[in-house]
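The values are calculated or read from the model by the stated rules, or taken from the named source; none is laboratory data. Computed from a prediction, not measured in an experiment: that's the story for all the values here. Counting neighbours? That spans all protein chains shown, and the Cβs are built from the backbone with ideal geometry, glycine included. Just so you know, the surface numbers come from the protein's heavy atoms only, side chains and all, with ligands and any DNA or RNA stripped out. Shrake-Rupley method; radii C 1.70, N 1.55, O 1.52, S 1.80 Å.
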Amino acid sequence: MSSARDEFRVRGGASEPDRLGIGRTAVVVVGFAVVMLVSNSLASAIGNPVVALVAGPVLACAVVRLYIWAGHRIEKRRVAEFPRRGGGLQLVAGVVSGAGLAAVAIGILALFDVYRITGWGSVSGALAVAGAMCAVATAEEVFFRGVVFRLLWGRWGTAVALVVSALVFGLVHLLNPEASVWGAIAIAVEAGLLLGAAYLATGSLWLAIGLHFGWNAATSGIFGTVVSGSEARESLVTAVTTGPDWLSGGSFGPEASIVSVLVCSAATVLLLYLGYRRGALSPRKS
């Protein structure tokens with residue numbers, strides 16, 4: 001019986017670099033790295049909530065359409081990462097789960113008196129964050145999971161794809177303001193592995209995009225914390241975090257907290273188990 005990974009490859013979901021060719025592989029990798037940077041820059045520059053709520057989803061849809069076009073025209077494959085059937089349900093489940101994980105992590109920090117709400121913030125600010133995060137979550141998942149993870153998975157198997165894509169995801173965050181080595185490691189473990197596992201568990205990018213969006217929108221737009229060291233934005237509530245950096249996350253935000261690492265790692269284990277059940281945790285094809 002073939003594994004889910006083999007079935008996914010047959011449907012066009014995993015292109016191996018040696019089959020794709022170095023030239024076309026480089027075009028896809030570099031091209032979507034640029035797409036991600038441009039999309040994130042445009043989304044982050046929008047402050048008006050109405051404009052953000054329109055522009056964010058529009059940018060997200062444009063990135064998805066470009067990814068599907070590139071899969072057909074450049075990689076010459078059938079793109080399986082954005083299935084229509086069940087995609088909406090996976091996206092919603094991801095958003096709810098991502099926000100739920102953020103709520104659990106913030107709740108634990110509040111129990112330790114590390115996180116404290118100081119007042120009400122701005123509904124319009126929260127909406128602006130949500131709009132921007134639509135584009136950010138989509139563009140980053142398309143690049144890191146849809147391109148980097150998928151190509152590594154198709155060539156070297158699950159373990160290499162999980163570890164290397166997570167490390168790359170963490171290392172990129174060293175470019176953020178207030179970045180630290182520990183912050184990058186925390187991002188690699190709690191987010192890189194989690195989102196890669198979400199891709200393995202479903203064979204699509206919808207769940208990973210939802211998780212990414214739900215976490216970022218909740219931590220920044222609702223709970224008012226710094227996300228990955230970036231400048232704090234207007235949020236539904238205003239809050240402060242205090243205490244030792246290993247617990248509070250310091251200037252990098254709660255994502256550098258050991259609490260977030262443990263909470264997200266528990267979810268990663270569950271998703272890896274689901275991926276195992278569907279046969280996706282396979283070694284490199286001989």
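Tabulated results
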quantity: In region 48-70, residue nearest to Ala132 (Cα to Cα) [restricted to those that are open to solvent by less than 50 Å² (accessible area, probe 1.4 Å) and either over 20 Å from the mean Cα position of the chain (by Cα) or among the β-branched types (Val, Ile, Thr) (or both)]; calculated: Pro49
quantity: Within region 201-219, tally of residues that are among the small types (Gly, Ala, Ser) and open to solvent by 10 Å² or more (accessible area, probe 1.4 Å); calculated: 2
quantity: Single residue of region 241-284 satisfying the filter (closer than 30 Å to Ser41 by Cα and open to solvent by 60 Å² or more (accessible area, probe 1.4 Å)) that is modelled with the lowest pLDDT; calculated: Ser251
quantity: Restricting region 205-226 to residues that are over 13 Å from the mean Cα position of the chain (by Cα) and not in a helix (DSSP H, G or I), the residue that is modelled with the highest pLDDT; calculated: Phe223
quantity: Qualifying residue in region 98-106 (condition: on the phi < 0 side of the Ramachandran plot and open to solvent by 60 Å² or more (accessible area, probe 1.4 Å)); calculated: yes
quantity: Matching helices (runs of 4 or more DSSP H) fully within region 140-200 where at least 3 residues are in contact with a helix residue (DSSP H, G or I) (Cβ under 8 Å, 6 or more places away or on another chain), touching a residue at least 24 places away in the same chain (Cβ under 8 Å) and open to solvent by 20 Å² or more (accessible area, probe 1.4 Å); calculated: 158-172
quantity: Looking only at region 23-47, and only at residues there that are of a type in the set (S, T, N, Q) and under 15 Å from Leu66 (Cβ atoms), the one that is least open to solvent (accessible area, probe 1.4 Å); calculated: Ser39
quantity: Residue match in region 116-125 (condition: open to solvent by less than 10 Å² (accessible area, probe 1.4 Å) and among the aliphatic types (A, V, I, L, M)); calculated: no
quantity: Those residues of region 23-44 which are over 14 Å from Ala139 (Cβ atoms) and either free of Cβ contacts under 8 Å to residues at least 24 places away in the same chain or touching a Leu at 6+ places or on another chain (Cβ under 6 Å) (or both), in sequence order; calculated: Gly23, Ala26, Val30
quantity: Output for region 102-126, where each listed residue is modelled with pLDDT under 95 and within 22 Å of Leu53 (Cα to Cα); calculated: Trp120, Gly121, Ser122, Val123, Ser124, Gly125, Ala126
